[in-house]
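Throughout, read-outs are computed from the coordinates displayed, never taken from laboratory work. Since the model is a prediction, treat every value here as computed from it, not as a measurement. Using ideal geometry, Cβ is built from the backbone for each residue, glycine included, and neighbour counts are taken over all protein chains shown.
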Amino acid sequence: MSFERQQAILASPNSNIPPLGSVEGQQVLNMPNSATITAFIDSLKPSLLPSRCSRFFWGMFICFLPGPSRKVIEQLRRSNPEIFTAALKFIATPRTREELVALGSSMLVCDCPLDAAYWVHALVDKRPTTATEAAEQFFDSLCGIVRDGLGVQKRYTGTFSDWPTLDSLVRASEKSLKRTGSAIWPSKHSDVFLGKHEEVVSMVWRIFDTFPATQEPLRLFFVLWKLSPSTVSRAATLIDGSRWPAQLLSNANRTFDDSITKTRRFLKWPYNVM
């Protein structure tokens with residue numbers, strides 16, 4: 001489909017109006033409807049190439065950005081955990097660097113159907129011009145969605161000692177289930193590491209190492225590490241050419257510890273008011 005044709009479709013009446021969703025009795029813009037969620041999941045069969053373009057996935061990621069979308073994320077963590085599972089399973093599917101690069105070629109040109117999920121294209125002003133840019137856009141989207149689904153990007157923006165562990169997220173989900181009848185993703189450890197933590201950690205790292213211009217794969221790598229440092233640290237030693245990721249974790253750990261120490265000293269200073 002030509003770019004001009006896509007623009008004409010998005011300019012037609014109602015086609016570029018994102019659906020309103022209801023969260024806690026309030027209407028929220030850019031709330032993915034059931035058709036959009038189904039399209040997202042169906043387009044991420046781990047053994048196949050994605051069936052939609054990178055801009056579709058970037059549009060989905062925009063729905064998850066901080067701000068008003070925080071309520072969207074929390075609602076979807078309860079109502080549609082399969083979103084995060086589908087994204088994580090695709091990320092963790094073993095692929096060579098060449099196969100990762102090839103994904104970009106398959107998503108550069110938009111052949112998305114003009115269905116009820118097409119509206120997310122209207123949220124995107126970043127149009128890739130190369131296969132590499134398409135792959136970067138795609139993996140930034142998937143890794144960002146998973147990171148947002150882990151629920152740590154807003155509540156834990158202070159010192160890293162304040163971050164939750166995976167155990168605490170699971171306990172919070174159990175409490176939510178008892179209190180509201182609805183669990184929150186992740187509700188168990190295998191939701192995150194899929195019973196194959198080495199593959200998950202290795203592929204998140206390989207994606208970043210293949211596309212170093214991305215941001216979200218590395219952020220997801222760090223979030224996984226902070227949620228379960230022993231699991232990720234062990235898995236990092238098994239990554240091909242593991243010296244670099246292992247060094248990264250070691251240096252980051254020292255940096256974070258130093259930052260926490262300085263923050264605590266700052267808070268003790270009598271003239272500092274927080």
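State, to one decimal in nm, how far the label point of Leu114 lies from the label point of Ala35, with both points 7 Å from Cα in the Cβ direction.
Taking the two extended label points, one gets 1.3 nm.
Assuming 0.36 nm per residue, please report the length gained on full extension of the stretch Lys196 to Ser79 beyond their Cα-Cα distance.
Result: 39.6 nm gained on full extension.
Can you tell me how much longer the chain between Lys126 and Val101 gets when fully stretched, taken as 0.36 nm per residue apart minus their C-alpha distance, in nm with one decimal?
7.1 nm
On a 29 Å Cα-Cα criterion, which of the cross-link pairs Lys71/Lys196; Lys196/Lys226; Lys126/Lys175; Lys71/Lys178 come out too long?
Among Lys71/Lys196; Lys196/Lys226; Lys126/Lys175; Lys71/Lys178, the Cα-Cα distance tops 29 Å for Lys71/Lys196; Lys126/Lys175.
Given Cα pairs under 8 Å that are at least 6 residues apart, what percent is the relative contact order of region 46-190?
33
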